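The values are calculated or read from the model by the stated rules, or taken from the named source; none is laboratory data. Here the structure is a predicted model, which is why all the values come from computation and not from measurement. Methodologically, a virtual Cβ is constructed for each residue, glycine included, from the backbone with ideal geometry; neighbour enumeration extends over all protein chains shown.
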Amino acid sequence: MRRGVRRTLRILATGFSFVIFGVTCIVLVVVIFPVVWMTSVSAEKRRLTSRRVISFSFRSFSRMMYRLGLMTYDIRNLEQIKGGCVVISNHPTLIDVVFLLGWIENASCILKSALFRNPVTLGPATAAGYLNNDSTDLLSECLHSLENGFPLLVFPEGTRTRPGEKMSFRRGAANIALAGGTEILLVTITVDPVTLVKYQPWWAVPSRTPHYQIEFQERWNAKSYLSDDRRSRQARNLTHDLEQYYLNILPVQ
Amino acid sequence: MTYYQHKNQRGAHVTSQEQIFSQLVTILEELFEIDPSTVSMETEFYEDLDIDSIDAVDMMVRVKETSGHRLDPDVFKNVRTVGDCVSAIHALYLEADNET
């Protein structure tokens with residue numbers, strides 16, 4: 001009985017969090033970003049300030065979910081974040097990006113095009129200059145962002161991991177790192193018990209509080225892959241090795 | 001060196017769909033080590049050949065080098081099969097012929 005009541009409260013708190021997320025996005029677009037817009041000296045500065053605002057909001061959002069008893073989290077090896085590198089991560093749940101953009105302050109991010117059609121996420125995504133995965137010139141946009149020294153977050157799976165299925169990486173992240181000559185920072189996210197996974201409705205909260213573990217694992221230098229003379233093979237080899245790395249340390253959830 | 005090309009009524013050179021197809025198969029083999037015998041007009045780039053959008057850009061650069069025709073990236077977005085790509089390139093040849 002007690003358990004049932006607690007679970008109902010957590011469902012309500014989850015719904016509340018979703019509403020807060022939406023309201024925050026609207027407040028950012030209507031109030032905060034216009035101020036950023038008016039006070040920034042350049043487009044570059046404007047994007048950067050917007051990213052910091054989003055980052056701050058995401059950190060606050062994580063803390064709010066923690067205080068509401070919706071999750072606990074542990075973020076490790078933050079010192080690995082430095083300079084323009086390609087940050088990749090597996091993507092088990094809906095809120096992975098909240099942790100990653102929350103704790104990597106200046107990061108840009110490749111988002112799926114649906115988020116640029118969603119009225120709630122469109123505003124922040126545009127203000128921060130996040131990149132649309134549907135863009136014809138995505139690769140050069142990514143390289144441009146890296147040249148400015150900002151980390152670029154990419155989920156190589158392209159979408160949330162399909163529960164119970166083996167992860168499968170697309171080659172975009174590898175191609176970006178190879179073309180930009182930048183390091184790749186490998187991040188793993190695990191959540192136990194699983195929650196907010198693909199195909200699961202938001203109100204299907206688990207029986208106990210989920211624990212998120214976000215670990216900045218290691219930095220890879222992609223240079224050794226450049227010895228192969230064909231770009232297509234370089235990207236395939238690197239993607240294969242990255243995928244194997246993740247498959248080795250992450251159990252299928 | 002003699003080489004044969006069809007000419008249409010207006011006397012312009014026409015490159016047939018078959019020729020374009022074989023050019024494309026050669027490019028696929030060169031760039032991605034794809035066995036030519038596995039490629040048909042119905043073969044899908046992404047599903048069957050594991051060609052992603054970045055590979056497609058490389059492929060289009062090679063098409064430009066061999067045929068002199070540049071396929072618009074927006075047109076290429078709607079290309080799914082090898083056959084779609086052949087038709088799109090063929091359309092460029094026809095366009096160029098009409099202009100001459």
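Tabulated data
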read-out: Selected residue (criterion: nearest to B:GLU18 (Cα to Cα)) from residues of the range B:28-68 that are touching a helix residue (DSSP H, G or I) at 6+ places or on another chain (Cβ under 8 Å), among the β-branched types (Val, Ile, Thr) and within 14 Å of another protein chain (Cβ to nearest Cβ); value: B:ILE34
read-out: The range A:217-242 - residue that is within 22 Å of the chain's Cα centre (by Cα) and surrounded by fewer than 19 Cβ atoms within 10 Å (Cβ to Cβ) and, of those, nearest to the other protein chains (Cβ to nearest Cβ); value: A:HIS240
read-out: Residues (at pLDDT below 95, surrounded by 15 or more Cβ atoms within 10 Å (Cβ to Cβ) and out of contact with any Pro (no Cβ under 7 Å at 6 or more places or on another chain)) located in the range A:199-216; value: A:GLN200, A:VAL205, A:THR209
read-out: Residues of the range A:62-84 that turn out to be under 17 Å from A:LEU101 (Cα atoms), in contact with a strand residue (DSSP E or B) (Cβ under 9 Å, 6 or more places away or on another chain) and of a type in the set (A, V, I, L, M), as a count; value: 4
read-out: Criterion (within 28 Å of A:SER62 (Cα to Cα) and in contact with a Leu (Cβ under 9 Å, 6 or more places away or on another chain)) met by exactly one of A:TYR212, A:TYR199, A:TYR245; value: A:TYR245
read-out: Those residues of the range A:133-160 which are at pLDDT 95 or above and either assigned to a strand (DSSP E or B) or away from every other protein chain (no Cβ under 14 Å) (or both), in sequence order; value: A:PRO151, A:LEU152, A:LEU153, A:VAL154, A:PHE155
read-out: Among the residues listed as B:ASP35, B:ASP74, B:ASP48, the single one being of a type in the set (Asp, Glu), more than 21 Å from A:ALA179 (Cβ to Cβ) and modelled with pLDDT under 90; value: B:ASP74
read-out: Candidate set: the range A:1-45, residues that are among the polar types (S, T, N, Q), without any contact (Cβ under 8 Å) to a residue 12 or more places away in the chain and assigned to a helix (DSSP H, G or I); chosen: the one nearest to A:VAL205 (Cα to Cα); value: A:THR8
read-out: Total residues in the range A:51-76, condition surrounded by 18 or more Cβ atoms within 10 Å (Cβ to Cβ), over 16 Å from the mean Cα position of the chain (by Cα) and of a type outside the set (A, V, I, L, M, F, W, C); value: 0
read-out: Considering residues of the range A:189-216 that are in a loop (DSSP other than H, G, I, E, B) and among the aromatic types (Phe, Trp, Tyr) only, the residue farthest from the chain's Cα centre (by Cα); value: A:TRP203
